[in-house]
Amino acid sequence: MTAPPFMPTLVFASPRGLPKAAKLNGRVVVLDIAFAATSSSKVTFERLTLKLIDGLGDRLAAWVDHHDHEMHARYAEDVRFLLATKAEHGACPEMITPEIVRAAGPVDTIVAHSDLDGLYSAAKWILGGEEPYPGADHDARCVDTRTGTTGPIGIKIDRALRARFRDEDLKRSVVHWLVEGRPKGVHQEVIDEAEREFDANNRGTAALVAQYETRGRIALVDASQRPEPYDKTELLLIGQERCPVSAVVDSGAVTFAAAFDSGWNFIKILGLEGGMPTRVSVSETRLEEAVLAINSATDPQADRT
């Protein structure tokens, strides 16, 4: 019988919600975590990303990420950093190979982005750079870019995570389920239960669809007074069927999104640094400014003709 792979400590994070280096055990690999902005309020590269990098020091085994950022150049000569743009790699798991895992050496802790892309990256790293199932890399790319046809396993996990995106127990269940070969049992039951919640949330999403308004190139909906739970990603995708750009206002922020291959670069248009060019969130106080900037920008499709 093949021995199960060593399971490092799993820590789920985001560019704005990084753990303290002192609280991370042993050697650490960071997967699918974008660098924070180089400027803007207290959420900056220096205060967050650089603090973690410096705090880990030699304990940082590897940092693998595929989000555009101007500070990538600083680490071009550091072999621990494998950094790309979203255009180069639509998802992070496809960057993780057996050679990269071997070069990094043993790790005690994995810090992964808390979305499907990050969880698949963690599972693939634990499996020595091998996909947890045939087509897993493809599924991660489809989900992260919202293009292509996602397989049934990817759809199941995507729906579960979208229903409970703050549930760390669910995220651990996903990684364990993938690493262990997707057996029946407690981890699958947790995922199944969350997937059922996604179906329930679709009722709230459908109610909000009727409230979309057109603001030039933008389909905009205010979800801040929603009576039921809803799925933001699904709502944004529906908005993109109506206009080139969709936007959802909620919880003091507004999220703008466009198709992965549309050519829109909201980072540049809105003066942001780092992240995914075709999906960004800004403070709701910038709503009118952002709407004007997007509607005034050169149409990226026009540049292709």
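Values quoted throughout were computed directly from the atomic coordinates according to the rules given, and no laboratory measurement underlies them. Remember, predicted model here, so these are calculated numbers, not experimental data. Every residue, glycine as well, gets a Cβ built from its backbone with ideal geometry; the counts of neighbours run over all protein chains shown.
Here are some notes:
- Theoretical gain in end-to-end length, GLU213 to ASP169 [0.36 nm per residue, Cα-Cα removed]: 12.1 nm
- 222 nm mean residue ellipticity, helices alone, for the chain (DSSP H n ≥ 4; -39,500 (n - 2.57); rounded to 500): -10500 deg cm²/dmol
- Potential extension, THR9-GLU88 segment - 0.36 nm per residue separation minus Cα distance: 25.5 nm
- Reach of LYS184 by Cα under 15 Å, taken over aspartates and glutamates that are not fewer than 8 positions away in the same chain: ASP192, GLU193
- In summary, the aspartates and glutamates within cross-link reach of LYS268, defined as a Cα separation below 13 angstrom excluding same-chain residues under 8 places away, comprise ASP68, GLU70.
- Residues in region 207-245 reached by a label modelled at ASP299 [backbone nitrogen below 11 Å; 7 Å Cα→Cβ]: 217, 244
- Each label point was placed 7 Å from the Cα along the Cα-to-Cβ direction; for ALA206 and ARG102 their separation is 5.3 nm.
- Within the listed set VAL190, VAL30, VAL143, the Gaussian network model of the chain (springs between alpha-carbon atoms below 10 Å) gives the highest mean-square fluctuation for VAL190.
- The alpha carbon gyration tensor of region 68-117 gives principal lengths a ≥ b ≥ c with a/c of 1.5 or higher and a/b no greater than b/c, which makes the shape oblate.
- Projected area averaged over orientations for the chain, convex hull of C-alpha atoms, nm²: 16.4
- Selected from SER246, SER114, SER224 as most flexible by GNM, with the chain as the system and alpha-carbon contacts under 10 Å: SER224
- Distant-in-sequence amide H partners of PHE45 (H built 1.01 Å from N, under 5 Å): ALA37, THR38, SER39
- Between helix 116-126 and the chain: long-axis angle, C-alpha atoms, 0 to 90°, nearest 10: 10
- With all pairs of separate Cα atoms included, region 210-300 yields a Kirkwood hydrodynamic radius of 13.0 Å.
- For region 49-192, the equivalent ellipsoid derived from the Cα gyration tensor has semi-axes of 26, 17, 14 Å, listed largest first.
- Residue exposure sequence - ILE100, ILE218 - by fewest surrounding Cβ within 10 Å: ILE100, ILE218
- Distant-in-sequence amide H partners of ASP68 (H built 1.01 Å from N, under 5 Å): LYS86, GLY275
- Using the Karplus relation 6.51 cos²θ - 1.76 cosθ + 1.60 with θ = phi - 60°, the per-residue 3J(HN,Hα) values for region 76-85 come to 4, 9, 8, 5, 6, 9, 10, 10, 9, 9 Hz, with x marking Gly and Pro.
- Classified by the C-alpha gyration tensor, region 32-96 has an oblate form. Its axis ratio a/c, with a ≥ b ≥ c, is 1.5 or above, and a/b does not exceed b/c.
- Three principal axis extents describe the C-alpha atoms of region 110-204; from largest down they are 40, 31, 24 Å.
- Note on region 108-267: semi-axes of the ellipsoid equivalent to its C-alpha gyration tensor, largest first and rounded to whole Å, are 30, 18, 13.
- Charges were assigned to the Cβ only: +1 to each Lys and Arg, -1 to each Asp and Glu. The resulting dipole of the chain about its Cα centre is roughly 460 debye.
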